[in-house]
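Notes follow the structure.
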Amino acid sequence: MHKSLLALTTTATMVLLLVTACADKDEPSATVDNKQPAATEDVKKSATGETKVPVPKVKREKKTAKAFDADAPIMNQPVDFSTPESISKSLQAIREQAGARAVRKMESAMGYMLTYDLAVGRDEAKMYKKLNGKTPNEIIAMGTARR
């Protein structure tokens, strides 16, 4: 009984994680209105008598949030993690110049290091001391290299 329940919950959890992971990468779909061709549009008739109407190209919507920009100049400049105020200023500057996704990636890498880096030992002060003077790209690389 317990094994089948465990297998069922494990399968359901994996499906849920897979669906949510795939949902983040999907781009919004666009719809095309089926309109009759206007008098000014070119309408072509084939040899079989079918009318071919040109299909308008679908324009993708611009995303309002900045995409992750690993090549932004701030991503190659050292960050200041010496005081809590400088930490928040550094993260805000990265958010403004490279986007919120860059900050999320950096915070994810820092969380991974805080949890799994034995030299840090789950101590934020030690982690900030270790990361002080490193660039955001180096921090992201440190947090993702071990995964």
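Derivation of every value follows stated rules applied to the coordinates shown; laboratory data play no part. Small disclaimer: the values here were computed from a predicted structure and weren't measured.
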Normalising by the residue count of region 71-147, find the relative contact order in percent from Cα pairs under 8 Å and 6+ residues apart. 40
What is the ratio of the Cα radius of gyration of region 71-147 to 2.2 N^0.38 Å, where N is its residue count, to two decimals? 1.00
Residue span THR20 to LEU118: 0.36 nm per residue of separation minus Cα-Cα distance leaves a gain in nm of 32.2 nm
